[in-house]
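Encoded as structure tokens, the structure appears first; notes follow it.
What follows draws every value from the coordinates through simple rules; no lab data is involved. Only a predicted model underlies this, so the values are computations on that prediction, with no experimental measurement involved. Neighbour counts run over all protein chains shown; Cβ positions are idealised from the backbone, glycine included.
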Amino acid sequence: MFSRSRRLSTEALNMIRINKCTLVLVMVMCSCCVTSIKLDELKNDKNLLYQNLFKPDQLGKTGGGGSSVASTRAASRPASGDRDGAPMAKHVVNKSSADGEETSKTRAVPADAQPSALKSTMSEKRADKCKEKCPANIKECCRNAIAEKSCHNATDDPVSYFVNPSYPNEDWDSSFCDFRVDIKNRNVCQLRLDLEEFSLRGPHKYLGSCRQDRLIISTTLPNGIGITELCGNNTGQHLYFPVDPKAGGSSVALMMMTSQSSRYSWKVRITQIDCLADPQAVAPTGCLQYHTSLSGTIQSFNYAGGMYQSGLDYAVCIKRSVNTCRVEFQQVPGSTFGINSMEGPSLEEGIGRAGEVSCDLVTHDYLHIPGGMLDIGEEILAATGNVEVYTPTAEKFCGRSLSGLAIQEFAEKIKVNDPLGAQDNNTIATPVTSYASGPIIVRFHTDSVTVRERDIGFSIAYQQLGTGCNKNKIRR
């Protein structure tokens, strides 16, 4: 009996030992599983961080055990930094693991370098888009995308800049600076030159020609454009040049001849005008300048320099606006006006002249305004009972002011058959109005000699009007 009880006790102890071993084994296995799970999570977490660094757009899209971590970090990350590498690098440096320091060093390089590469790529794409859009719609982004080139260069870009060698600083050296514009688009029919900055030595003070510094523009077309060279201060002016790319190999050459006689600088924007894509930007044939606004200002070349060039004969065109019947021209208030007349320097300041005798008999400098007349106004028509009113016209203007009264005075001399007789000199600056139909064209002509301080030029304002259109009551 006692022996049997002892045997049972021994078996019970063995069972307890086995159970203990089993329990320990189970605990060890569970511990390994937990450790494995934690390692997997750390591995997934590490892979996720690498993904976030090198592929920012994949944040929060990884699956597996790290999805909850990814979603938590994606939610806590600022929205503004979704595509910026730098904030991500700062965010990861807070990790305190053994490999965290090494990881942060590895990430710092791409995080800093990525925006630069991205910026370069975006800049190139922006430049390509701007080159396509610039001819029809020049914007600030396009200005930044346009390269500035100087001497001995060529371009076929739709929009380009030609600048002096040290721009934006001035230059002094004597040089020959050429720049070629190649026309490869067969739909381009004109070039527009905007003289954003243009400061050269002015014309000779007695001859009026550009003897020292000058811009010479050469085209493949045989006909001239009314000006062969340009010098002086012409900032803000613009010019149109016809081109014929269909002839093949069309190019326009810009040549700057400079001396050491004075400092100079220039910045010329050159736009190739696609006549099919942007017909509204095309200037009428024969126009050196083209204004498209309802009102604006027209200045002679080198007006700021106080002297116009000799040998000019060019047209300034204005786009006619709908629902208008007349154009009013008047001297800009406070400005000076000086176009050589028959009296020369003896003409009193502020006195204007009009007509063939004063402006194109002895001297041949004049501003040509088709159908120019002294506007009689609606009140005069009403005072006469709206009967037919005789109003003389003249087309050539000169002297020391732009004067509509000069038209009346010249007409009175013609009436008494004394066009060369002494004039009253009361023809002060007054508006000149044109009812002429068709294109609005103002022409400026100068002879072979101009003199400084007498042949200043003009600055006149124009305005298209839709009132006072009773021209059927006006006999000219």
For this session: Take the alpha carbon gyration tensor of segment 234-305, find the square roots of its eigenvalues, order them as a ≥ b ≥ c, and report rounded if a/c is under 1.5; if not, report prolate when a/b exceeds b/c, else oblate.
Result: oblate
Exercise. Roughly how compact is segment 157-267, stated as its Cα Rg over 2.2 N^0.38 Å to two decimals?
Worked result: 1.10
Exercise. Whose amide H sits under 5 Å from the amide H of Arg320, counting only residues 5 or more places off or on another chain, with H placed in the peptide plane?
Worked result: Ile440
For this session: Enumerate the amide H contacts of Ser175 below 5 Å, restricted to partners 5 or more residues apart or on another chain; note that Pro and chain-start residues carry no placed amide H.
Result: Thr258, Ser259
Problem set entry | Positive minus negative residues near Trp172 (Lys, Arg vs Asp, Glu; Cβ under 12 Å) | -2
Problem set entry | Label-to-label distance, nm, for residues given as Asp244 and Asp313 (7 Å Cα→Cβ offset) | 2.1
Seminar exercise, completed: Using alpha-carbon positions, the gyration tensor of segment 241-375 gives root eigenvalues a ≥ b ≥ c; with a/c under 1.5 called rounded, otherwise prolate if a/b exceeds b/c, else oblate, the class is oblate
For this session: Between beta-carbons, use under 13 Å as the cut-off and find the net charge around Arg263, counting Lys and Arg +1, Asp and Glu -1.
Result: -4
Exercise. Rounded to the nearest 20 Debye, what is the dipole magnitude of segment 155-268 about its Cα centre when Lys and Arg each give +1 and Asp and Glu each give -1 at the C-beta?
Worked result: 300
For this session: First select every other residue whose beta carbon is under 13 angstrom from the beta carbon of Glu453; then total the charges, Lys and Arg +1, Asp and Glu -1.
Result: +2
Problem set entry | Low-density loop positions, GluC sites (Glu not before Pro), segment 270-358 - DSSP coil, at most 15 other Cβ in 10 Å | Glu348, Glu349
For this session: Quick one: what are the phi-derived ³J(HN,Hα) couplings along segment 189-197, Karplus 6.51/-1.76/1.60 with θ = phi - 60°, whole Hz, x for glycine and proline?
Result: 10, 8, 10, 10, 10, 9, 7, 5, 9
Exercise. With the Cα gyration tensor of segment 308-366 giving a ≥ b ≥ c as the square roots of its eigenvalues, does the rule (a/c under 1.5 for rounded; else a/b larger than b/c for prolate; else oblate) give rounded, prolate or oblate?
Worked result: prolate
